[in-house]
Amino acid sequence: MATKKTEEVAEKTGIEMDPWQDMVEITLPRHPKNEQNFQFVAVNDRRFQVPRSGKPVMVPRPVYEVLMNSAELRDYAADRKGELADESK
């Protein structure tokens, strides 16, 4: 299954692209002392350990999208939790 970005590029160029070959730079925040120093990601039976070092690393586009979706949902959950706490007061 191709990602939106790769589908757009394939439509423009007429060339089918493999999303696993499309490498993207991502920087994960440095891990707290009591947590693992990597983020585990699994997509379609492919497993990755992305370092949480605060330094940029290159990952395949599907891994990047999973990490970005995870961060977006984590932020949404934190915002929603705050809203619910305010409503209960």
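The values are calculated or read from the model by the stated rules, or taken from the named source; none is laboratory data. Note that the coordinates shown come from a computational prediction; the quantities given were computed from them, not determined experimentally. Neighbour counts are summed over all protein chains in view; Cβ atoms, including those assigned to glycine, are modelled from backbone coordinates with ideal geometry.
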>> For the stretch 19-33, which positions are surrounded by fewer than 12 Cβ atoms within 10 Å (Cβ to Cβ) and in contact with a Pro (Cβ under 9 Å, 6 or more places away or on another chain)?
In response: Gln21, Glu25
> Looking at the stretch 1-25, which of its residues are assigned to a loop (DSSP other than H, G, I, E, B) and either modelled with pLDDT of 90 or more or under 19 Å from the mean Cα position of the chain (by Cα) (or both)?
Replying inline: Met1, Ala2, Thr3, Asp18, Pro19, Trp20, Gln21, Asp22
